[in-house]
1. If Lys229 satisfies every condition in (1) under 21 Å from Pro165 (Cβ atoms); (2) more than 10 Å from the ligand (Cβ to nearest atom); (3) touching a strand residue (DSSP E or B) at 6+ places or on another chain (Cβ under 8 Å); (4) not β-branched (Val, Ile, Thr) but one, which is the exception?
2. Return the only residue of Leu131, Leu148 being within 22 Å of Gly241 (Cα to Cα) and in contact (Cβ under 8 Å) with a residue 12 or more places away in the chain.
3. Filter the range 2-17 for residues that are of a type outside the set (Ser, Thr, Tyr) and assigned to a strand (DSSP E or B) and give the result.
4. Being modelled with pLDDT of 95 or more, assigned to a loop (DSSP other than H, G, I, E, B) and touching a helix residue (DSSP H, G or I) at 6+ places or on another chain (Cβ under 8 Å) is the requirement here; does Pro184 meet it?
5. Restricting to the range 266-296, count the residues that are within 15 Å of the ligand (Cβ to nearest atom) and either under 18 Å from the mean Cα position of the chain (by Cα) or free of Cβ contacts under 8 Å to residues at least 24 places away in the same chain (or both).
6. Name the residues in the range 232-256 that are under 24 Å from the mean Cα position of the chain (by Cα) and away from the ligand (no atom under 13 Å from the Cβ), would you?
7. Look through the range 280-313, keep the residues that are small (Gly, Ala, Ser) and touching an Asp or Glu at 6+ places or on another chain (Cβ under 9 Å), and return whichever of them is farthest from Val231 (Cα to Cα).
8. Enumerate the pairs (first residue in the range 194-205 and part of a loop (DSSP other than H, G, I, E, B); second residue anywhere and surrounded by fewer than 17 Cβ atoms within 10 Å (Cβ to Cβ) and of a type in the set (Ser, Thr, Tyr)) with beta-carbon separation below 8 Å, excluding pairs fewer than 6 apart on the same chain, so at least 6 apart or on different chains.
Amino acid sequence: MLAKTAKIYIAGHRGMVGSAIIRRLQQADYGNLLVRTRQELDLLDQHAVFNFLRAEKPEYIFLAAARVGGILANNTSRGRFIYENLIIQANIIHGAYLAGVRNLCFLGSSCIYPRDCPQPIREEYLLTGPLEQTNEPYAIAKIAGIKLCESYNSQYDSRFFSIMPTNLYGPNDNYDLATSHVLPALIRKAHEARQGGDRELVVWGSGRPRREFLYVDDLADACVFLMEKGVGEGLYNIGVGTDVTIRELAQTVMEVVGFSGEIVFDSSKPDGTLRKLLDVSRLKQLGWQATTPLRQGIEQAYADYLSNLNQRS
Ligand code: GDP
């Protein structure tokens, strides 16, 4: 039972996912939240992490700290993506074990599944085939994180579970065009194209790959739901259950932003995997479903993008 006074550590609380988990916990009146900025605690520093967890002894951990990025960042910073993710998760998961923290929610990603597996993707398809090349190092690190959780549960008295979100978007997203995912990139590009009076919007790849998009507050709701339910083990896909082509996504973003130019495809950029739609029936059976429709979520994300622009200017 997750008590409202339970001490809950959110690793990565300044990121898009961690900050959404904080919003969700605060909204539900959880009053004992533990956070540390990167300046206060370097999650790549094993001893610092072990000491912090031993001293604070949280009862629950949401592990949302990670090196993340879009197709280009994953493909080009391959060493950094595998190293930082392996180290951060190993430090926190082993540190949790040493400090006697029993409950942990590990945030993975839908890219852990084989590139060519049947759609929609069920949790059982993990490790049944080769991975997508563009984000293989990141995926391998995340698979290691899932296996850390499973192995600690089987050897020790822990209750660690993993969740696999589909592509996320929402407040606090990364809008840097070199490292971002497609949805924030298109919001920014469409906004700047409208502001600049451009006639074209450049979309990477062929526009044909299909992706599923989950509003980050829905993800946070699912993470807290599973912790409250006390699932304590296993792997859970979190998505909306439907996907769109990148071309369709670009059209919706253009409508929301109010840019009516032409879409131009840049075929020098990779498509990545052609489809990765999650099967979300495991979570549905437990009684959870995403509630934010894509268009409404894009409107909310765009409003957040605009308010951040206004704050900076
Ligand atoms: P992925 O889901 O891991 O492949 O990551 P992304 O969200 O970065 O990319 C999803 C798809 O959107 C890929 O096919 C990209 O080529 C395509 N895409 C189209 N335009 C953009 C863009 O401006 N930025 C990014 N990151 N992807 C884009």
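The values are calculated or read from the model by the stated rules, or taken from the named source; none is laboratory data. In this text the structure is predicted, and so the values were computed from the model without any measurement. Every residue, glycine among them, receives a Cβ derived from its backbone with ideal geometry; neighbour counts consider all protein chains shown.
1. So Lys229 meets the others, but not (3).
2. Leu131
3. Once the filter is applied, which keeps residues that are of a type outside the set (Ser, Thr, Tyr) and assigned to a strand (DSSP E or B), the range 2-17 yields Ile8, Ile10, Ala11.
4. no
5. Qualifying residue count for the region: 8.
6. Gly232, Glu233, Gly234, Leu235, Tyr236, Asn237, Ile238, Val240, Gly241, Thr242, Thr252, Val256
7. Ala301
8. Gly205/Ser267
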